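Working notes, beginning with the structure itself.
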Amino acid sequence: MINGKRYESTSAGMTSSTLSLRDLVLLKRMLLFTREDERYLQMAGEILSDQAEAILDIWYDHMVANDYLAHYFTKDGLPDADYLNTLRPRFGDWIRQLCQRSNNNQWSRYEQAIAQRYEQQPMPSADLGDVPVVFLRYLVTFIYPVTSAIRPFLGKKGHKPEEIEKMHQAWFKAVSLSVVLWTYPDPAAQETC
């Protein structure tokens, strides 16, 4: 959910996806994202869904331990607990929706709605103030910590090591695709040359 709306909604300032279904398929092909990955990603979702809070604890610890990341979660130079607590349900929803997404353009609209929050022209939000610009380098490099933190959780339900590896690879590809979609250019926002 974003701003209290399920991701299928394009209301509350969310536009329809600027990414065609063809482009989405091409991006998935570039990541070697297969139907098998879809299956293992769903399996991962079943495992991770009830562990989202513990996963978020690890992610939050990583973010606030690095001042260049913590900057995005501070107020007056100190960690903003209210803001971090407001984000927890969104991050938890993102974990679940990443794993249980459909094969169509609705999911890419959800990811692009997330991106709209971090553009220089912020989306209207009743519960959050303006968020500073998030540099691409931090989004891309955060793929690894978000991916590596998941692996121990995947092994907690008794799956075989090869299944855990396939779920972990599917998660890695899905997180990478999310970051690509968060940074996908919005043609309406681009200046013509």
Discussion item. When you check Val140 against the structure, is it of a type in the set (Val, Ile, Thr), under 24 Å from Val64 (Cβ atoms), at pLDDT below 85 and assigned to a helix (DSSP H, G or I), yes or no?
Written reply: yes
Discussion item. Out of the residues in region 58-80 meeting the condition of being within 26 Å of Pro152 (Cβ to Cβ) and small (Gly, Ala, Ser), tell me which one is modelled with the lowest pLDDT.
Written reply: Ala70
Worksheet item: Does region 61-86 hold any residues that are under 18 Å from Leu139 (Cα atoms) and in contact (Cβ under 8 Å) with a residue 40 or more places away in the chain, and which are they?
Response: His62, Tyr68, Leu69, His71, Tyr72
Fill in: Inter-residue pairs, beta-carbon under 8 Å, first more than 13 Å from Tyr72 (Cα to Cα) and in region 131-146, second open to solvent by less than 50 Å² (accessible area, probe 1.4 Å) and modelled with pLDDT under 75, 6+ apart
Phe142/Leu69
Worksheet item: Which of the residues spanning region 18-57 are open to solvent by less than 30 Å² (accessible area, probe 1.4 Å) and free of Cβ contacts under 8 Å to residues at least 40 places away in the same chain?
Response: Leu56
Worksheet item: Any idea how many residues of region 53-94 are under 13 Å from the mean Cα position of the chain (by Cα) and not aromatic (Phe, Trp, Tyr)?
Response: 7
Fill in: region 149-171 - residue that is of a type in the set (A, V, I, L, M, F, W, C) and closer than 15 Å to Gln42 by Cβ and, of those, nearest to the chain's Cα centre (by Cα)
Trp171
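Tally time: how many residues in region 68-81 are loosely packed, with under 11 Cβ neighbours inside 10 Å and assigned to a helix (DSSP H, G or I)?
2
Right, Leu27: of a type outside the set (Asp, Glu), closer than 19 Å to Ser176 by Cβ, at pLDDT below 90 and touching a helix residue (DSSP H, G or I) at 6+ places or on another chain (Cβ under 7 Å) or not?
Taking the combined requirement at face value, the residue satisfies it.
The values are calculated or read from the model by the stated rules, or taken from the named source; none is laboratory data. Predicted model, so just to flag it, every value in this text is computed and none were measured. Here Cβ is always computed from backbone atoms with ideal geometry, including for glycine, and neighbour counts include all displayed protein chains. Just so you know, the surface numbers come from the protein's heavy atoms only, side chains and all, with ligands and any DNA or RNA stripped out. Shrake-Rupley method; radii C 1.70, N 1.55, O 1.52, S 1.80 Å.
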